[in-house]
Amino acid sequence: MPYSDRIIGFSTGAIAKGDFRRALAALRRASVKAVELSALREDELPELSRSLPRLDLEGFEYVSVHAPSKFSRLTQQEVIDLLGVAAAHRFPIVIHPDTIESPEPWTPFGQLLTIENMDKRKPIGRTSAELQELFEHLPDARLCFDVAHARQIDPTMVESTQILRDFKDRICEVHASGLTARSTHGPISTAASFAYSSLAHLIPSTIPIILESPVDERLISSEINFAADAFSPWLERLRADIEDVFDLRVAMLRKTQVEHFLYTLQMTHIRLDDFESVVSQLPSGGAFESHQVLMTARDLLGMLSEEQKYQLRDYLHQLVRRLAAEFPDLKSRFREQFANVE
Amino acid sequence: MRLATERRFSRLTELQEKLQCKWPSIQSAMAETDRELAALEKLLLPEDGRPLVEDASLVFFGSLARGESTSQSDLDWILLIDGAVDAQHFRTFKTTQKRIADAKKLGPGATGTFGDLAFANELVHRIGGQDDTNINFTRRMLLLLESVSIGGDEVRKLVIRAILNRYLADDPSWTWDPDKRLPRFFLNDVIRFWRTMTVDFADKYHDQAGEKWALRNAKLRFSRRLILMTGILACFNWKLNPPNGLSEGERKSTETAIAHFEVYLGRPPLEILADELLRTRAHDDLCRRVFSAYDEFLGILDDERSRNELKEIPRDVAHNSPTFQRVRTVSHQFRDALLTWLHSPNTLLCELVKQYALF
């Protein structure tokens, strides 16, 4: 599954606090494919549990349920009993680890039990080491990786990377949003998007992303598109790699840069209309910051959908045609490479 | 979300209507402020209204914050941070700096006070003493007396509250009995700030070989004096116009006082001044003199030729500059009208000035 086809959805709590029906209706109107039914406040759980068997969830490719973040009126066992309906539907159940009073009663949920990494307010489950302790008690449980929580714990994203590497086989879903130092959720900021994109390659393309950004119904699609760019930044990076060779803005070096690349293609008998071979020869790195994991142009190409590859091929050919017109001497010197370029 | 100009300046409009006069340069500066803020939002913020970065506010000071922008105004700004160490803050700062430079906006001065990252901890915890540098002091006072942000305003507001909390909670005379007192710690810092600005004016003349002397002098006479006034009035207001309808406990709580000062200072300085003049029933002619002088000052700053003249004339020939002489004359009108008001006999305002403004 290409990364660009990631399933991205919303938590009902982010769309309409305490009203999952209204949130579901809004998400359906926006053709959202994934939903997390939120019962973050324990008062919401009995109603959600009662309604679940009759709830119209058609159209959603992924559904999970978020358990309450605090048990005041309900006991742990009552919560587990109410969540049984979700388990019967095989919906993953996301829980905050600090609500687990004792692990044994949760074990029957097996792989449906999904432990979320916590923000800095919570005393456990924040780091990879703390999560490890939890998984020792609940060995079948999976991980809901909240990238905003992990970024709040460590803005360098080292802890996030560690969690994703240590528990890559346990990841069930990802939570994303903007999150302040005071733990207030907001839309994904430009800076958060940049931070998330640095580890997007560590999140398998099949893992659904659930947004917890509190947004108005009108902004659902915009937030999903923004998240899609953050978690699948490959097209933009490849575009930047292509521009570094074929559309260098430094006028003095413009011709030299492309000339060097054409020599490489000449030696390997690659023609400019052979898109994938040209891309595989591109020097990569210009689109990466110093701390990011460097991926080759060929790796990036493998992340794209057919539609994105088509877009990129078209873009490359457009730049090549422009270069042919700008430097006719190059066209005659590298006749083989420019074959079929009008 | 920012209020529209007419709502931010409702008392000023009321005063203008009461006096049946027009202050065209003030009106034009308000409109220019709205245009400039909208242009900056377009230039610096993501298109869909999402935040640039968490735990930060992009804060502007000076004429833009006072609602007095003219076509020639420079841009004093900081990226104010209140959160964990995050490389994204520096990255956002650099991007903002580049966009402002690329748009050929007039940048901040050479002191390093603006066009930089600023951190809440410094502003809140370093009040007074060796560590309260001139830059820190200036940023803190301007944050309280003339600041506005674009995009998320949460951090600016929280830092203002935290600073006010320091001024009130750490003031022994205030916490003893706020009902009967003035916030002396805060008032003293406001007055210190005015004195610092006047001393720095002399220092800049010395350091920068007299560059922009007349323009700085004009600003000292008007806009700097205006924010001194609003800072003092904010402190006096606790006595002049105590919050109504509160229980004794509420009146004595620091939270009530913080909320009071936050709302009071959240308005543009000219609006605060108009409000106090109306509230104390100042004489119409006095009000007219105050605002017509300020209006003329803004008119001079908005006129390219006059502003350039103020920028360029050296101090030793300033007496030959008709523009500077005009600024000087109207500044006396502004100062004298304010002094007459502050010293109005048999008023609580006059008593407060006598009791607190000097010692």
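Here are a few things to note about the model shown:
- Restricting the stretch A:161-204 to residues that are more than 9 Å from every other protein chain (Cβ to nearest Cβ) and small (Gly, Ala, Ser), the residue that is surrounded by the fewest Cβ atoms within 10 Å (Cβ to Cβ): A:Ser183
- Meeting the requirement of 1 or more residues that are out of contact with any Pro (no Cβ under 8 Å at 6 or more places or on another chain) and under 27 Å from B:Asp116 (Cα atoms), the helices (runs of 4 or more DSSP H) wholly within the stretch B:2-72 are B:24-44, B:62-66.
- Under the condition of being surrounded by fewer than 21 Cβ atoms within 10 Å (Cβ to Cβ) and hydrophobic (A, V, I, L, M, F, W, C), the residues counted in the stretch B:8-29 number 2.
- Any hit, the stretch A:36-55, residues being within 18 Å of A:Val94 (Cβ to Cβ) and in contact (Cβ under 8 Å) with a residue 60 or more places away in the chain: yes
- In the set (1) away from chain A (no Cβ under 11 Å); (2) in contact (Cβ under 8 Å) with a residue 60 or more places away in the chain; (3) under 24 Å from the mean Cα position of the chain (by Cα), the condition left unmet by B:Gln97 is number (2).
- In this structure, B:Ala120 does satisfy being within 14 Å of another protein chain (Cβ to nearest Cβ), within 19 Å of the chain's Cα centre (by Cα) and of a type in the set (A, V, I, L, M).
- Residues that are assigned to a loop (DSSP other than H, G, I, E, B) and either more than 14 Å from A:Ala230 (Cβ to Cβ) or free of Cβ contacts under 8 Å to residues at least 40 places away in the same chain (or both) within the stretch A:177-204 comprise A:Thr180, A:Ala181, A:Arg182, A:Ser183, A:Thr184, A:Pro187, A:Ser189, A:Pro204, listed in sequence order.
- In the stretch B:15-53, the residues that are within 24 Å of A:Thr180 (Cα to Cα), more than 14 Å from chain A (Cβ to nearest Cβ) and free of Cβ contacts under 8 Å to residues at least 60 places away in the same chain: B:Lys42
- For the stretch B:82-94, a residue qualifies if it is free of Cβ contacts under 8 Å to residues at least 24 places away in the same chain and more than 10 Å from chain A (Cβ to nearest Cβ), and exactly one does: B:Lys94.
- Of residues in the stretch A:208-223 being surrounded by fewer than 22 Cβ atoms within 10 Å (Cβ to Cβ) and part of a helix (DSSP H, G or I), the one nearest to the other protein chains (Cβ to nearest Cβ): A:Ser222
- Being away from chain A (no Cβ under 14 Å), crowded, with 19+ Cβ neighbours inside 10 Å and in contact with a Ser or Thr (Cβ under 9 Å, 6 or more places away or on another chain) is a property that B:Ser57 lacks.
- Pick from the stretch A:292-321, criterion touching a residue at least 12 places away in the same chain (Cβ under 8 Å) and over 22 Å from the mean Cα position of the chain (by Cα), ranking: farthest from A:Ala195 (Cα to Cα): A:Arg321
- Checking the stretch A:142-160 against the condition returns no match, with no residue being surrounded by fewer than 23 Cβ atoms within 10 Å (Cβ to Cβ), more than 10 Å from chain B (Cβ to nearest Cβ), at pLDDT 95 or above and farther than 30 Å from A:Ser221 by Cβ.
- Considered as a group, the residues in the stretch A:52-104 that are among the small types (Gly, Ala, Ser) and not in a loop (DSSP other than H, G, I, E, B) include one that is nearest to A:Ala23 (Cα to Cα), and that residue is A:Ser64.
- Filtered residue count, the stretch A:238-284, keeping only those that are hydroxyl-bearing (Ser, Thr, Tyr), in a loop (DSSP other than H, G, I, E, B) and surrounded by fewer than 16 Cβ atoms within 10 Å (Cβ to Cβ): 1
- Some residue of the stretch B:223-238 being in a loop (DSSP other than H, G, I, E, B) and more than 23 Å from B:Tyr294 (Cα to Cα): no
The values are calculated or read from the model by the stated rules, or taken from the named source; none is laboratory data. For clarity, every value in this text was computed on a predicted model and none was experimentally measured. Note: ideal-geometry Cβ built from the backbone for every residue, glycine included; neighbour counts use all protein chains shown.
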